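Asker: I'd like to ask you about the structure that follows.
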Amino acid sequence: MARIEGVAPAGAPFLPQRVGPVEPFSLPVSLLLDALEALVRAETASAVASACLPLLLDERGVRGCALVQRHGRAAVVVGSAGYDCGSMEAGVPLPLDAGLPVTEAVRTGRLVVRGGGPSWVAVPFGERRAGALLLSLTSAPPDSPGELARLHRLARAVGDALRRTAEQEEAVVGMSVVAAHLAASCPAAAGHDVAVRLLPYDGRVGGDIVVCEQGRDGATWLVVADVCGAGMAGALTARGVGVAVSALAPHAAGPEDLLAGVERAIRSTIGPGSFVTAVAVLLSGERLNVASAGHPVPLVLSAAGVGPVLVEPGEPLALETGTGCVRRATSLVLPADAVLLLHTDGLTDRSTPLGTRGVDPVDLVPGGWAGDLEVLADLVLAGAQEVGPAGDDTALLLVRRSRILAERPDAQDSTVA
């Protein structure tokens, strides 16, 4: 009977080591090409892990695999497959002095191989000791220059993809900050009071977006949209929505026309099963024209109280099962002292011990608010937080029409409940 050894690096799957001839691991060229193709399309760090780890785990001789990135004095797990221990879960930091094959590869920037079958192979990403690819094998490690070259090629591609997605994330975060600033500055420049809040649920960015643009003849566009999804993936789609709104708003005839144009612009970029809800408002003088694409309705806060704008819900944008129905706009008057409130469902869908609880937004806002809108925005969010934390990204836009705008004598307010 062959002798069994039970020694394995900490955090690795326990693999009894048999003494005797074991075939070395071989990385097929076809797997390498498939992984390289998938890595090119990856837009987030988790997508990078998903692009290569399942492929590797399905390969003969692989019991586990992981990606780690260096952050200060630790190697942080980006993703893993095949491990049933918590020490290799995504986000777990591994001290660089832990002595593990993968931490040694990150610390030294050199290939680390342990065991003759089972074995552990840790391949650094390349320059700057930025991270490493770890393979836990039932077989012997690869032993030919060609096999090792393919592993190094895959590790370098993973490192390049992680660096690219990190740079992309920083760019998206920067664009989100600028977009939030611009969203507030456009209505303010037209003489309106405004407050904007964008609160991501997962990470620094999310799939909610607020866009305000100048329209024809001094009108102001107000758009709030919610991409199905959160985090960086949602943020990337949301940026595309924002670009489409900014490009089309100056030329759109009305909110229903703007929503239709945005839908045409983004449809090819929306993944299967995903969609975007949005509400578009054209504020011209005291007149509001509003259209919705499956989005929570706006609220009007006036001296008479708080009421929803009665607008047809419409279909979400780029809905895979959509019928192509025409979205219809509603027109109403916004009194000079009233406040228009637009939001996403993150404001009203709150997490509680008993599950998600829907909150009526009318209960979160006081009517006849004459104070600072920044204060009002904080009060609304605090009221929602008392029910429970948000279960999704949250966007909030408050606008009070400029009091110096002239009232039209023919204006009639008949669409606020």
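The values are calculated or read from the model by the stated rules, or taken from the named source; none is laboratory data. In this text the structure is predicted, and so the values were computed from the model without any measurement. Ideal geometry is used to build each Cβ from the backbone, glycine not excepted, and the neighbour counts take in all protein chains shown.
Asker: Pull up region 213-227, narrow it to residues that are more than 11 Å from Thr344 (Cβ to Cβ) and in contact (Cβ under 8 Å) with a residue 60 or more places away in the chain, then point me to the one that is surrounded by the fewest Cβ atoms within 10 Å (Cβ to Cβ).
Answerer: Within region 213-227, the subset more than 11 Å from Thr344 (Cβ to Cβ) is 213-223.
From what is left, the residues that are in contact (Cβ under 8 Å) with a residue 60 or more places away in the chain are 215, 217-222.
Working: Gly215: 20, Asp217: 7, Gly218: 12, Ala219: 16, Thr220: 24, Trp221: 25, Leu222: 28.
Out of the qualifying residues, it is Asp217.
Asker: Collect the residues in region 228-257 that are small (Gly, Ala, Ser) and either touching a residue at least 40 places away in the same chain (Cβ under 8 Å) or touching a Ser or Thr at 6+ places or on another chain (Cβ under 7 Å) (or both), keeping them in residue-number order. So that I can check it myself, show each step before the final result.
Answerer: The initial filter retains those residues of region 228-257 that are small (Gly, Ala, Ser), namely 229-231, 233-235, 238, 240, 242, 244, 246-247, 249, 252-254.
Residues satisfying the conditions are Gly229, Ala230, Gly231, Ala233, Gly234, Ala235, Gly240, Gly242, Gly254.
Asker: Which residue, of Gly368, Gly346, is assigned by TED's automatic domain parsing to the domain that holds Val196, part of a loop (DSSP other than H, G, I, E, B), among the small types (Gly, Ala, Ser) and on the phi > 0 side of the Ramachandran plot?
Answerer: Numbers: Gly346 fails: on the phi > 0 side of the Ramachandran plot.
Residue meeting the stated conditions: Gly368.
Asker: Among the residues of region 208-233, what is the count of those that are assigned to a loop (DSSP other than H, G, I, E, B), at pLDDT 85 or above and under 16 Å from the mean Cα position of the chain (by Cα)?
Answerer: Residues flagged as assigned to a loop (DSSP other than H, G, I, E, B), at pLDDT 85 or above and under 16 Å from the mean Cα position of the chain (by Cα) within region 208-233 amount to 1.
Asker: Looking only at region 257-288, count how many residues are of a type outside the set (S, T, N, Q), more than 24 Å from the chain's Cα centre (by Cα) and surrounded by fewer than 22 Cβ atoms within 10 Å (Cβ to Cβ).
Answerer: 4
Asker: Identify all residues within region 262-311 that are out of contact with any His (no Cβ under 8 Å at 6 or more places or on another chain) and of a type in the set (Ser, Thr, Tyr); write none if there are none.
Answerer: Ser268, Thr269, Ser274, Ser284, Ser292, Ser302
Asker: Pull up region 305-335, narrow it to residues that are on the phi > 0 side of the Ramachandran plot, in contact (Cβ under 8 Å) with a residue 12 or more places away in the chain and not aliphatic (A, V, I, L, M), then point me to the one that is surrounded by the most Cβ atoms within 10 Å (Cβ to Cβ). Steps first, answer last, please.
Answerer: So the first thing to find is which residues in region 305-335 are on the phi > 0 side of the Ramachandran plot, and the list is 305, 314, 318, 324.
Keeping just the survivors that are in contact (Cβ under 8 Å) with a residue 12 or more places away in the chain gives 305, 314, 318.
Remaining after also requiring not aliphatic (A, V, I, L, M): 305, 314.
Working: Gly305: 13, Gly314: 21.
Only one residue tops the list, namely Gly314.
Asker: So, one more: Among the listed residues Val92, Val77, which satisfies the condition of being of a type in the set (A, V, I, L, M), within 25 Å of Ala47 (Cβ to Cβ) and buried (at least 20 other Cβ atoms within 10 Å of the Cβ)?
Answerer: Values: Val92 fails: buried (at least 20 other Cβ atoms within 10 Å of the Cβ).
Every option except Val77 fails the conditions.
Asker: Out of region 289-304, which residues are hydroxyl-bearing (Ser, Thr, Tyr) and either without any contact (Cβ under 8 Å) to a residue 40 or more places away in the chain or buried (at least 24 other Cβ atoms within 10 Å of the Cβ) (or both)?
Answerer: To start, the set of residues in region 289-304 that are hydroxyl-bearing (Ser, Thr, Tyr) comprises 292, 302.
Residue satisfying the conditions is Ser292 alone.
Asker: Within region 258-282, can you find the residues that are without any contact (Cβ under 8 Å) to a residue 40 or more places away in the chain and closer than 30 Å to Arg400 by Cβ?
Answerer: Once the filter is applied, which keeps residues that are without any contact (Cβ under 8 Å) to a residue 40 or more places away in the chain and closer than 30 Å to Arg400 by Cβ, region 258-282 yields Leu258, Gly261.
Asker: Within region 113-131, how many residues are surrounded by fewer than 22 Cβ atoms within 10 Å (Cβ to Cβ) and either free of Cβ contacts under 8 Å to residues at least 40 places away in the same chain or polar (S, T, N, Q) (or both)?
Answerer: 4
Asker: Hey, does region 161-169 have a residue that's closer than 19 Å to Leu56 by Cα and either assigned to a helix (DSSP H, G or I) or modelled with pLDDT of 85 or more (or both)?
Answerer: yes
Asker: Could you please find all residues in region 49-73 being among the aliphatic types (A, V, I, L, M) and under 14 Å from Gly91 (Cα atoms)? Steps first, please.
Answerer: Filtering region 49-73 down to residues among the aliphatic types (A, V, I, L, M) leaves 49, 51, 53, 55-57, 62, 66-68.
Of everything in region 49-73, those that are among the aliphatic types (A, V, I, L, M) and under 14 Å from Gly91 (Cα atoms) turn out to be Ala49, Ala66, Leu67, Val68.
Asker: Ala338: closer than 15 Å to Leu376 by Cβ, at pLDDT 85 or above and buried (at least 16 other Cβ atoms within 10 Å of the Cβ), yes or no?
Answerer: Yes.
Asker: Please enumerate the residues belonging to region 38-60 that are without any contact (Cβ under 8 Å) to a residue 40 or more places away in the chain and either touching a Pro at 6+ places or on another chain (Cβ under 9 Å) or among the aliphatic types (A, V, I, L, M) (or both).
Answerer: Of everything in region 38-60, those that are without any contact (Cβ under 8 Å) to a residue 40 or more places away in the chain and either touching a Pro at 6+ places or on another chain (Cβ under 9 Å) or among the aliphatic types (A, V, I, L, M) (or both) turn out to be Ala38, Leu53, Leu55, Leu57, Glu59.
Asker: Separate question: Does Leu376 satisfy the condition of being in contact (Cβ under 8 Å) with a residue 24 or more places away in the chain and more than 18 Å from Pro296 (Cα to Cα)?
Answerer: On the way: in contact (Cβ under 8 Å) with a residue 24 or more places away in the chain: yes; more than 18 Å from Pro296 (Cα to Cα): yes.
Yes; evaluated as a whole, the condition is true for this residue.
Asker: Check Leu364, Leu376 and return the single one that is touching a Leu at 6+ places or on another chain (Cβ under 7 Å) and within 22 Å of Arg400 (Cβ to Cβ).
Answerer: The unique qualifying residue is Leu376.
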